[in-house]
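Q: One structure is given below, represented as structure tokens, and several questions about it will come after.
The values are calculated or read from the model by the stated rules, or taken from the named source; none is laboratory data. Everything numeric here is computed off the predicted structure, so don't read it as measured data. Cβ: placed from backbone, ideal geometry, glycine included. Neighbour counts: every protein chain shown. With ligands, DNA and RNA removed, areas are computed over all heavy atoms of the protein, side chains included. Shrake-Rupley method; radii C 1.70, N 1.55, O 1.52, S 1.80 Å.
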Amino acid sequence: MAIKSVIYPEFEVVRYDRCTRCGRCIKECANGVHFFSQDKKMVLSDDTKCVDCLRCIAFCPEHAIKIVKSGCTFRDNANWRPGIVSGIIKEANTGGVLLSSMGNPEPYPVYWDKILINASQVTNPSIDPLREPMETRVFLGKKPDKIERDEDGNLVDNLPPQMELSLPVMFSAMSYGSISYNAHSALAQAAEELGIFYNTGEGGLHEDFYKYGKNTIVQVASGRFGVWRGYLEGGAAIEIKMGQGAKPGIGGHLPGAKIVGDVSRTRMIPEGTDAVSPAPHHDIYSIEDLRQLVISLKEATGYKKPVIVKVASVHNISAIASGIARSGADIIAIDGFRGGTGAAPTAIRDNVGIPVELALASVDQRLRDEGIRNNVSLVVGGSIRNASDVVKAIALGADAVYIATAALIALGCHLCRNCQSGKCCWGIATQRPDLVERLNPEEGKERLVNLLSAWKGEIKEMMGGMGINSIEALRGNRLMLRGIGLTQKELDILGITHAGE
Amino acid sequence: MKLEGEVRIPSGCAISAAISRKGNLFTGEGMIKAMEVMHERSNGLGGGFAAYGIYPEYKDYYAFHIFYSDRNARIETESFLKERFEIVQAEVIPTHQIPEITDVPLIWRYFLSPLRSIVDREMLDEDEYTVRAVTKVNSTIDGAYVFSSGKNMGTFKAVGYPEDVGVFYKIDEIEGYSWTAHGRYPTNTPGWWGGAHPFSLLDFSVVHNGEISSYDANRRFVEMFGYRCSLQTDTEVITYILDYLVRRQGLTPEEAANVIAAPFWSTIESKDEKERKRLTYLRTMFSSLLVTGPFSIVFGFTGGLMALNDRLKLRSMVVGENKDMVYVASEEAAILSADRNAGGFRFPMGGEAVVIRVEGEV
């Protein structure tokens with residue numbers, strides 16, 4: 001007799017009597033949860049397929065549906081927790097690696113939540129951003145060691161290429177393929193309207209989006225998909241992706257099923273072939289090889305574009321960053337272990353890498369200790385969730401932050417963490433035309449602009465409260481931060497003191 | 001309670017300055033009067049003066065003013081200095097013993113010439129060599145603190161009200177062509193002589209009223225270049241910023257003002273193209289040296305001084321003049337106390353540098 005294991009559905013669809021059997025939920029659910037029973041003349045559900053994406057709830061005209069945790073699971077066990085047991089069962093069933101998407105959901109410390117921000121009282125005034133100028137503009141890029149003057153004594157602009165941002169937030173890399181055409185379109189338009197940048201990710205740049213070039217970062221990853229001269233020249237900056245916070249040390253794999261039509265053309269690979277990004281760049285096995293790629297890309301683009309090197313935050317991140325800062329790169333992007341992904345082995349997503357707060361603090365201090373902080377700008381991501389995270393990141397030493405999950409939430413993502421299925425009901429992480437068209441790019445752009453306009457307002461209020469009227473005076477200003485509930489070791493790494501000190 | 005330098009102590013203050021455009025020498029008597037009338041702006045926990053042109057007979061030598069807590073600190077410091085400098089003159093700085101000034105340390109003055117062979121071996125210029133010696137003494141010798149190190153200038157400071165500090169150091173008998181003065185209102189300090197102001201490094205001196213909100217961003221940036229903010233005061237970090245920008249980068253004081261009190265982007269955009277590019281360059285190149293929060297400072301240097309307010313003008317500062325004399329102070333009353341015939345009062349805008357240079361050689 002076969003071994004029979006039970007994984008009871010995690011979610012349960014509750015349907016109230018006020019359901020009018022309009023069938024909207026059936027239409028909206030790409031996972032096939034809802035169906036009409038001819039026998040019973042009513043809408044029923046297959047709970048095993050539900051991923052809790054909340055699409056049906058959002059569209060049910062009668063508010064007749066709710067999704068609840070089923071609660072039926074393995075016997076309580078603090079060690080053999082349900083996810084661990086069901087993981088074993090799934091692996092025993094299939095022999096395959098468990099896959100997950102979006103960021104690490106495990107209950108590791110979130111240091112942003114253990115850091116508090118200062119405000120002025122008495123000895124210096126707070127500043128009201130509604131009445132006084134409050135500046136959030138930043139320039140990313142290398143700053144030279146010395147000024148230069150011409151023969152008449154005038155200052156010469158000897159700055160290497162810089163990226164100008166109206167506020168220190170950019171949209172992080174998400175490839176066309178992992179997310180939809182409409183999602184890319186919304187990000188590109190929002191970046192242009194906001195005066196910031198979005199990032200192509202590693203899947204090339206769709207021909208329709210070259211017009212947003214001055215607000216685009218083009219990415220060069222280990223698979224080199226969609227990289228050609230026009231692509232490198234088409235963006236405002238070039239990012240070399242060495243690693244991703246959600247899956248440090250491994251590459252990527254976009255299944256052939258998603259390499260269709262424009263995705264195939266944009267990636268410059270045949271339809272239906274798997275797009276496999278190798279774990280390392282096979283021309284970069286060491287830091288001196290990275291330098292060669294940085295310089296090659298600069299040579300290819302006439303030294304007119306800043307080069308960003310993106311790395312995952314891993315244990316020896318400060319030594320790695322020190323090497324990158326001497327590689328000719330202009331900007332280092334550090335991606336924390338809570339950063340999102342379209343698909344990653346669960347074991348890696350949940351166990352590899354370190355929190356970006358600690359990585360940022362130690363990298364910023366290391367580069368200062370070595371006197372090379374001016375060689376590069378620092379951008380951090382994974383995961384920046386709100387304006388106060390931005391303020392804390394800047395005060396710890398970041399020049400700017402990358403956001404992706406927050407941007408997707410603005411576009412309708414409800415964090416069901418099933419991007420790898422390709423059946424995103426919100427039209428984001430899918431290539432199915434009927435699902436993609438659910439995301440209206442103009443509306444998406446508006447929501448992204450709204451989100452960052454709100455953050456900008458909050459950042460200004462917090463800066464004003466600290467008596468700071470320009471964001472550069474906040475950068476690395478760790479005296480504005482205090483830790484709460486942290487050990488001395490954690491405080492030392494973050495370079496801050498405890499609340500009350 | 002932690003000592004100054006172990007903890008950051010904000011403070012309010014009074015400042016004043018006077019300079020003769022013609023380079024005429026005058027005593028510090030007027031400065032004492034200016035500070036006296038602003039008594040309420042200090043709380044007796046620090047006062048001081050900096051004066052330029054006061055050591056003409058030793059003008060080619062670095063003049064070190066040093067506080068010692070005891071004889072051992074002096075012996076240790078002198079043996080360090082002897083290895084690196086020719087000590088041309090060493091003496092106790094003359095003072096009046098008055099009841100208002102207590103806990104007086106040993107206060108010595110040295111005129112020093114760097115030993116050429118060591119300067120060459122270390123491949124430094126004399127200024128940088130001397131700065132490093134000052135940093136070394138202040139950070140490693142317990143009980144010794146070099147509080148003045150420029151040529152043909154000197155800083156005189158103590159715990160007490162500034163007018164009493166002036167009497168203590170007999171500054172009404174000292175003659176200089178340019179003076180700055182400071183009275184301090186620290187919000188928390190046990191009162192340490194080294195923590196009084198002006199703060200100086202080589203011939204640069206700074207008096208400051210305010211509490212800057214960019215402190216740690218500025219501190220962590222300048223510390224990349226070998227400066228150690230051991231006092232954790234605004235004045236100290238502003239002095240290092242100015243030293244970095246003016247001495248090490250070669251900016252003019254006016255350009256340095258465009259960095260530390262940079263115009264708003266909206267202002268920069270209203271300028272003509274050349275000026276817009278210049279200001280954008282300075283703001284971008286030295287973005288970590290923008291100083292925010294309230295401040296009014298007077299930056300003294302050989303041959304001149306610069307008065308500067310933060311870009312929102314969150315601290316009072318007034319400029320007045322009389323013939324060749326130019327005065328700067330927190331209050332108009334202070335200027336009139338120093339010189340009852342002063343006039344032409346004006347209130348520089350936030351971020352507007354007022355630079356006065358002495359005509360000709362000094």
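Q: Which residues, taken from segment B:69-104, are of a type outside the set (Val, Ile, Thr), open to solvent by less than 90 Å² (accessible area, probe 1.4 Å) and assigned to a helix (DSSP H, G or I)?
A: Of everything in segment B:69-104, those that are of a type outside the set (Val, Ile, Thr), open to solvent by less than 90 Å² (accessible area, probe 1.4 Å) and assigned to a helix (DSSP H, G or I) turn out to be B:73, B:74, B:78, B:79, B:80, B:81, B:84.
Q: Moving to a separate point now. Among the numbered criteria (1) crowded, with 22+ Cβ neighbours inside 10 Å; (2) on the phi > 0 side of the Ramachandran plot, which single criterion is violated by residue A:153?
A: (1)
Q: When only residues in segment A:50-100 that are among the acidic types (Asp, Glu) and part of a loop (DSSP other than H, G, I, E, B) count, which is most open to solvent (accessible area, probe 1.4 Å)?
A: Selected residue: A:76.
Q: Just to be sure before I move on: is residue A:386 touching a residue at least 12 places away in the same chain (Cβ under 8 Å), out of contact with any Asp or Glu (no Cβ under 6 Å at 6 or more places or on another chain), within 13 Å of chain B (Cβ to nearest Cβ) and open to solvent by 10 Å² or more (accessible area, probe 1.4 Å) in the structure I sent? Give the derivation first.
A: On the way: touching a residue at least 12 places away in the same chain (Cβ under 8 Å): yes; out of contact with any Asp or Glu (no Cβ under 6 Å at 6 or more places or on another chain): yes; within 13 Å of chain B (Cβ to nearest Cβ): no; open to solvent by 10 Å² or more (accessible area, probe 1.4 Å): yes.
Considered against the rule, which asks whether it is touching a residue at least 12 places away in the same chain (Cβ under 8 Å), out of contact with any Asp or Glu (no Cβ under 6 Å at 6 or more places or on another chain), within 13 Å of chain B (Cβ to nearest Cβ) and open to solvent by 10 Å² or more (accessible area, probe 1.4 Å), residue A:386 comes out as no.
Q: Another question about this same structure. Can you confirm whether residue A:124 is under 23 Å from the mean Cα position of the chain (by Cα), on the phi < 0 side of the Ramachandran plot, touching a residue at least 12 places away in the same chain (Cβ under 8 Å) and open to solvent by less than 40 Å² (accessible area, probe 1.4 Å)?
A: Working: under 23 Å from the mean Cα position of the chain (by Cα): no; on the phi < 0 side of the Ramachandran plot: yes; touching a residue at least 12 places away in the same chain (Cβ under 8 Å): yes; open to solvent by less than 40 Å² (accessible area, probe 1.4 Å): yes.
So residue A:124 fails the test.
Q: If the requirement is being open to solvent by less than 40 Å² (accessible area, probe 1.4 Å), away from chain B (no Cβ under 11 Å), among the β-branched types (Val, Ile, Thr) and on the phi < 0 side of the Ramachandran plot, which of these qualifies: A:179, A:147?
A: A:179
Q: Something else now. Please enumerate the residues belonging to segment B:1-32 that are modelled with pLDDT under 95 and of a type in the set (Lys, Arg).
A: B:2, B:8
Q: Please go through segment B:202-238 and give me each residue that is acidic (Asp, Glu), more than 8 Å from chain A (Cβ to nearest Cβ) and within 15 Å of residue B:292 (Cβ to Cβ), ordered by number.
A: Result: B:234, single match.
Q: Report whether or not residue A:194 is closer than 30 Å to residue A:264 by Cβ, surrounded by 20 or more Cβ atoms within 10 Å (Cβ to Cβ), more than 12 Å from every other protein chain (Cβ to nearest Cβ) and under 19 Å from the mean Cα position of the chain (by Cα).
A: no
Q: Out of everything in segment A:291-343 that is free of Cβ contacts under 8 Å to residues at least 40 places away in the same chain and open to solvent by less than 30 Å² (accessible area, probe 1.4 Å), what residue ends up being nearest to residue A:143 (Cα to Cα)?
A: Applying the first criterion (free of Cβ contacts under 8 Å to residues at least 40 places away in the same chain) to segment A:291-343 yields A:291-292, A:295-296, A:298-299, A:302, A:315-316, A:320, A:323, A:328.
Adding the requirement that they be open to solvent by less than 30 Å² (accessible area, probe 1.4 Å) leaves A:298, A:323, A:328.
Details: A:298: 17, A:323: 17, A:328: 12 Å.
Ranking the candidates gives A:328 first.
Q: Something else now. Among the listed residues A:435, A:481, A:439, A:474, which satisfies the condition of being in contact (Cβ under 8 Å) with a residue 40 or more places away in the chain and touching a strand residue (DSSP E or B) at 6+ places or on another chain (Cβ under 7 Å)? Step through it out loud before you land on a result.
A: Numbers: A:435 fails: touching a strand residue (DSSP E or B) at 6+ places or on another chain (Cβ under 7 Å); A:439 fails: touching a strand residue (DSSP E or B) at 6+ places or on another chain (Cβ under 7 Å); A:474 fails: touching a strand residue (DSSP E or B) at 6+ places or on another chain (Cβ under 7 Å).
After applying the criteria, what remains is A:481.
Q: On the given criteria, is residue A:18 modelled with pLDDT of 95 or more and either open to solvent by 90 Å² or more (accessible area, probe 1.4 Å) or more than 27 Å from the chain's Cα centre (by Cα) (or both)? I'd like the intermediate steps shown before the answer.
A: Numbers: modelled with pLDDT of 95 or more: yes; either open to solvent by 90 Å² or more (accessible area, probe 1.4 Å) or more than 27 Å from the chain's Cα centre (by Cα) (or both): yes.
The answer is yes for residue A:18.
Q: Exactly one of these conditions fails for residue B:336: (1) open to solvent by 20 Å² or more (accessible area, probe 1.4 Å); (2) outside any helix (DSSP H, G or I); (3) away from chain A (no Cβ under 14 Å). Give me its number.
A: The failed condition is (2).
Q: In segment A:220-259, what residues are open to solvent by 30 Å² or more (accessible area, probe 1.4 Å) and of a type in the set (Asp, Glu)?
A: Correct list: A:233 only.
Q: Run down A:485, A:476, A:465 and say which single residue is at positive phi and within 14 Å of another protein chain (Cβ to nearest Cβ).
A: Of the residues listed, the single one that is at positive phi and within 14 Å of another protein chain (Cβ to nearest Cβ) is A:476.
Q: If you don't mind, there's one more thing I want to ask. Would you mind listing the helices (runs of 4 or more DSSP H) fully within segment A:391-499 where at least 2 residues are buried (at least 24 other Cβ atoms within 10 Å of the Cβ)?
A: A:405-410, A:441-465
Q: Could I ask something else about it? Here is a list of conditions, (1) of a type outside the set (A, V, I, L, M, F, W, C); (2) closer than 15 Å to residue A:363 by Cβ; (3) assigned to a loop (DSSP other than H, G, I, E, B), and residue A:305 meets all of them except one; can you say which number that is?
A: Status for residue A:305: all satisfied but (2).
Q: Out of segment B:286-308, which residues are closer than 17 Å to residue B:214 by Cα and of a type in the set (A, V, I, L, M, F, W, C)?
A: B:286, B:289, B:290, B:291, B:295, B:297, B:308
Q: Just checking, which of B:296, B:316, B:266 is part of a loop (DSSP other than H, G, I, E, B) and among the small types (Gly, Ala, Ser)?
A: Exactly one of B:296, B:316, B:266 is part of a loop (DSSP other than H, G, I, E, B) and among the small types (Gly, Ala, Ser), namely B:316.
Q: Suppose we keep only residues that are out of contact with any Ser or Thr (no Cβ under 7 Å at 6 or more places or on another chain) and open to solvent by 20 Å² or more (accessible area, probe 1.4 Å) within segment A:369-383. Which one would you say is nearest to the other protein chains (Cβ to nearest Cβ)?
A: Per the criteria, the residue is A:371.
Q: Confirm whether residue A:262 is over 18 Å from the mean Cα position of the chain (by Cα), open to solvent by 10 Å² or more (accessible area, probe 1.4 Å), at pLDDT 95 or above and over 25 Å from residue A:386 (Cβ atoms). I'd like the intermediate steps shown before the answer.
A: Working: over 18 Å from the mean Cα position of the chain (by Cα): yes; open to solvent by 10 Å² or more (accessible area, probe 1.4 Å): yes; at pLDDT 95 or above: no; over 25 Å from residue A:386 (Cβ atoms): yes.
It is false that residue A:262 is over 18 Å from the mean Cα position of the chain (by Cα), open to solvent by 10 Å² or more (accessible area, probe 1.4 Å), at pLDDT 95 or above and over 25 Å from residue A:386 (Cβ atoms).
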